[in-house]
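The values are calculated or read from the model by the stated rules, or taken from the named source; none is laboratory data. Computed from a predicted model, the values in this text were never measured in an experiment. Virtual Cβ from ideal backbone geometry, glycine too; neighbours counted across all protein chains shown.
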2 protein chains.
Amino acid sequence: MNTSDTKNKILDTAERLFARQGIGATSLRAIVREAGLNVAAIHYHFGSREALVLEVFNRRLKPINQQRVARLEELEQTRSPAIPLNDLVRAFLEPVFSYFYDQPPQVRGLMARLHTEPDVTRPVLQQYHEILQRFQGAFLNAAPWLNPEQVRYRMSFMIGSMGIMLSGRHPAFCGKNGARLKPEQLFEEVIQYNTAGLSAGAPKK
Amino acid sequence: MNTSDTKNKILDTAERLFARQGIGATSLRAIVREAGLNVAAIHYHFGSREALVLEVFNRRLKPINQQRVARLEELEQTRSPAIPLNDLVRAFLEPVFSYFYDQPPQVRGLMARLHTEPDVTRPVLQQYHEILQRFQGAFLNAAPWLNPEQVRYRMSFMIGSMGIMLSGRHPAFCGKNGARLKPEQLFEEVIQYNTAGLSAGAPKK
DNA sequence: GTCTATAAAAGGATAGAC
DNA sequence: GTCTATCCTTTTATAGAC
């Protein structure tokens, strides 16, 4: 079997189990059992459990954040200096949405965990600190009535609601509630909600 | 030592470690090591690891949700039939805030995890399903331009941003950003953000 | 690159003394 | 109610054959 085939199989399976059972609760053995491999394969390809965890997240985050930057730069060139908040929210969230659109639900749920599992949040997000800084600057430009701390917190709120969207667990009502919005509709809800949140306190024009 | 003393000591320690390391990653042995007890104590008081996990969450959620209901009922009596959205958001979030205000940061971080760790979300939230239903009805009344699904999702977004607030990890920038809002200011930010989000799409008056 | 086999440690749970 | 001692399972990690 090809190197990258096995590697991807491990990453796919780990991702699915992390999303389903939690990261700390998922053993390497559970992963290889479901992947039809053996423990040694993981150590060969990743070196340690911790390195595997980071790779699972980075594999998804890298292309998403590249997309985010590309869209931000496009906005800066075409709509500068006054980029509408709604466009910024879309530039930040749409790459997530389009990337995970055709992924199984469990895989989407992984992203929600990124911001709450303490051993993951720090090492992963440090890699993307610069991107967040750039968005913070853009949001601050677009919402000059806010101070930098407010912008940072509101971005965090946006990230929180994004996690909820991705988790698909719909935590307010994880029971048996029939009708669910279609993914596209749900996404528009998220955009609308967070654009309104970020716009809160704006001076009337 | 008194029964409830030991029980609380276990709950306190477990809570702290769950918040710090994640739930699945925290062993019973780690808990009792830090609490100065032994594994048998946990099984005596809680029966199993799983039961302990549920108790850790329910100990906090029970008083919070009682407060929520009390405040909702007060609003229904004093401001019915048209309860402002802002009051509903406060009725839902303020009990969380006031309850955790004087708790150490790690303990607050636990609530953030409630909505993402899959083995916890379901069993815990099922107990409070009725309360969420009541709030959903109230929000639907206060925002009649939304349909029930929209209300449910927006409540979930609110819960997501609340989790971010509680986590204290400020995931957008977990690096070394100097100034932080005071807790009260942060709370007002959350209220404002989510009131605006829930109000999105409201007809102009 | 992938496997089996195995080492060494840590996990949850229980029995029985006090 | 709390402890020690113990059972059995599972874990991460490594060594060495193929």
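One line per residue, one yes/no per condition, for (1) among the hydrophobic types (A, V, I, L, M, F, W, C); (2) within 18 Å of A:L198 (Cα to Cα); (3) modelled with pLDDT of 95 or more:
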position	(1), (2), (3)
A:V120	yes, no, no
A:L125	yes, no, no
A:A138	yes, yes, yes
A:P144	no, yes, yes
A:F173	yes, no, no
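Within the set A:L85, A:L125, the sole residue that is surrounded by 15 or more Cβ atoms within 10 Å (Cβ to Cβ) and in contact with a Cys (Cβ under 6 Å, 6 or more places away or on another chain) turns out to be A:L125. Scanning the stretch A:4-25 for residues that are small (G, A, S) and more than 9 Å from DNA strand C (Cβ to nearest atom) returns A:A14, A:A19, A:G22, A:G24, A:A25.
None of A:V39, A:V53, A:V32, A:V69 is among the hydrophobic types (A, V, I, L, M, F, W, C), on the phi < 0 side of the Ramachandran plot and within 14 Å of another protein chain (Cβ to nearest Cβ) except A:V53.
Which residues, taken from the stretch A:107-136, are part of a helix (DSSP H, G or I) and among the hydroxyl-bearing types (S, T, Y)? Of everything in the stretch A:107-136, just one residue is part of a helix (DSSP H, G or I) and among the hydroxyl-bearing types (S, T, Y), namely A:T121. B:P118 meets the conditions (1) away from DNA strand C (no atom under 16 Å from the Cβ); (2) of a type outside the set (A, V, I, L, M); (3) under 24 Å from A:G109 (Cβ atoms); (4) in contact with a Gly (Cβ under 6 Å, 6 or more places away or on another chain) in every case but one. The failed one is (4).
When you check B:V107 against the structure, is it within 25 Å of B:L198 (Cβ to Cβ) and among the aliphatic types (A, V, I, L, M), yes or no? Explain how you work it out, then say what you get.
Details: within 25 Å of B:L198 (Cβ to Cβ): no; among the aliphatic types (A, V, I, L, M): yes.
Taking the combined requirement at face value, the residue does not satisfy it.
Can you name the residue in the stretch A:48-73 that is closer than 16 Å to A:K9 by Cα and free of Cβ contacts under 8 Å to residues at least 40 places away in the same chain and, of all such residues, is farthest from DNA strand D (Cβ to nearest atom)? The qualifying residue farthest from DNA strand D (Cβ to nearest atom) is A:A51.
Taking helices (runs of 4 or more DSSP H) that fall entirely within the stretch B:1-66, which contain at least 1 residues that are more than 18 Å from the chain's Cα centre (by Cα) and farther than 30 Å from A:V53 by Cα? Break it down into steps so the answer makes sense when it comes.
On the way: elements: B:3-21, B:28-35, B:39-46.
Filter on the stretch B:1-66 gives B:3-21, B:39-46.
Per the listing B:I10, B:I23, B:I64, the residue uniquely under 19 Å from B:Y99 (Cα atoms) and of a type in the set (A, V, I, L, M, F, W, C) is B:I64.
Within the stretch B:4-24, being surrounded by fewer than 18 Cβ atoms within 10 Å (Cβ to Cβ) and either closer than 22 Å to A:F18 by Cβ or in contact (Cβ under 8 Å) with a residue 40 or more places away in the chain (or both) holds for B:R20, B:Q21.
Of everything in the stretch A:67-97, what is of a type in the set (A, V, I, L, M, F, W, C) and not in a helix (DSSP H, G or I)? Give them in sequence order.
So the first thing to find is which residues in the stretch A:67-97 are of a type in the set (A, V, I, L, M, F, W, C), and the list is A:69-70, A:72, A:75, A:82-83, A:85, A:88-89, A:91-93, A:96-97.
A:A82, A:I83 - these are the residues of the stretch A:67-97 that are of a type in the set (A, V, I, L, M, F, W, C) and not in a helix (DSSP H, G or I).
Residue by residue, here is whether (1) more than 20 Å from B:T116 (Cα to Cα); (2) at pLDDT 95 or above; (3) crowded, with 17+ Cβ neighbours inside 10 Å; (4) within 16 Å of DNA strand C (Cβ to nearest atom) holds:
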site	(1), (2), (3), (4)
A:N2	yes, no, no, yes
A:S27	no, no, no, yes
A:E34	yes, no, no, yes
A:L52	yes, no, yes, yes
A:E74	yes, yes, no, no
A:T78	yes, yes, no, no
A:F92	yes, yes, yes, no
A:Y101	no, no, no, no
